[in-house]
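S.K.: Below is a structure I'd like to ask you about.
What follows draws every value from the coordinates through simple rules; no lab data is involved. The structure displayed is predicted, hence computed values, not measured ones. Using ideal geometry, Cβ is built from the backbone for each residue, glycine included, and neighbour counts are taken over all protein chains shown.
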Amino acid sequence: MRGIEGVEPRVLLVEDEAALAESVSYNLVREGFEVTTAADGEMALQRFRAEPHSIVILDLMLPKLSGLDVCRVIRAESKVPIIMLTAKDAEADKVAGLELGADDYVTKPFSMRELISRVRAHLRRAGMVEAPNGQTGPLAGGPVAIDPERHEASVRGHPVSLTPKEFELLELLLVRKGRLLTRQFLIEEVWGAHYFGDTKTLDVHVKRLRQKIEEDPHEPRHLLTVRGLGYKFVE
């Protein structure tokens, strides 16, 4: 698999279970990715900072430094996509990871085909997605202004940091401002038609956006819920 400039995307795989790490790494390499591995949280941060990575696959249960802590640090330093690996019953960890800025999660046990599909989907969308109808110029609505070409956003004139998925979701809402966008439409446009997860990922991203753009996130005036259907952005 080739990146934008003909270079293989590099994946940082953070997993302390040696057999699983070896299997995932083998399958990623076979699909054309370069892979860096780390077996604990401290090593993950060292290797993340040592060279550029296109995406991070992050187990949440790690020695030395938890996956949630690693996620928090990486997100503070970078907008790189993060896919969490979580236990089947770790609902609270999934929500916590998404709130800290992770883009997606895969629940163990998972198929390699599913994981690789998610990786490819996030790489396609990480700063490379064209806006609908060819719209690439600055967009504005209410207190928000974004520049898709520069990947910059501001709220009430002040710069605001958005993850790739937050930016893409906000851009989609602004392009179609005033119109109802169904949950299914948003998921397919932002996460892809073959997204395997549930709608909780969308809900968490909307919640994070409201915290960044609304004066009162609990009483939103701009990013509105249309109960049972989806969301819309109004002036």
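S.K.: Expressed in nm², what is the orientationally averaged projection area of the convex hull enclosing the Cα positions of segment 132-233? Walk me through the intermediate numbers first.
M.R.: Working: hull surface 25.1 nm².
Projected over every direction and averaged, the Cα hull of segment 132-233 covers 6.3 nm².
S.K.: Roughly what angle does helix 67-77 make with the longest principal axis of the chain, taking Cα atoms, 0 to 90 degrees, to the nearest 10?
M.R.: It is inclined by approximately 60 degrees.
S.K.: On to the next question. Please list, in chain and number order, the residues 5+ apart from Leu13 or on another chain whose amide H is under 5 Å from its amide H, with Hs placed from the backbone.
M.R.: HN-HN under 5 Å from Leu13: Thr36, Thr37, Ala38, Ile57.
S.K.: In whole percent, what relative contact order does segment 132-233 give with Cα contacts below 8 Å and a gap of six or more residues?
M.R.: Numbers: 123 pairs, mean separation 25.2, N = 102.
Answer for segment 132-233 is 25 percent.
S.K.: With angles folded into 0 to 90 degrees, how steeply does helix 200-213 sit against the dominant principal axis of the chain? Use alpha carbons for both and round to 10.
M.R.: With both axes taken from Cα atoms, the answer is about 60 degrees.
S.K.: Give the Debye-formula value of log10 I(q)/I(0) at each listed q (0.15 Å⁻¹), with one equal scatterer per alpha carbon of segment 10-125, two decimals each.
M.R.: For the requested q values the scattering log ratios are -0.56.
S.K.: Quick check for me: using +1 on Lys/Arg Cβ and -1 on Asp/Glu Cβ, what's the dipole size of the chain about its Cα centre, in debye to the nearest 20?
M.R.: Approximately 620 debye in magnitude.
S.K.: Then there is this: From the helices alone, meaning DSSP H stretches of at least four residues, give me the mean residue ellipticity at 222 nm for the chain, per-run term -39500 (n - 2.57), in deg cm²/dmol to the nearest 500.
M.R.: Details: 8 runs with 92 residues, N = 235.
It lands at -12000 deg cm²/dmol.
S.K.: Enumerate lysine pairs in the chain that are 8 or more residues apart or on different chains, then count those whose Cα atoms are under 15 Å apart.
M.R.: Here the count comes out as 11.
S.K.: Quick check: convex hull of the Cα atoms in the chain, volume per residue, rounded to a whole Å³?
M.R.: Numbers: hull volume 29.7 nm³, N = 235.
Measuring per residue, one finds 126 Å³ for the Cα hull of the chain.
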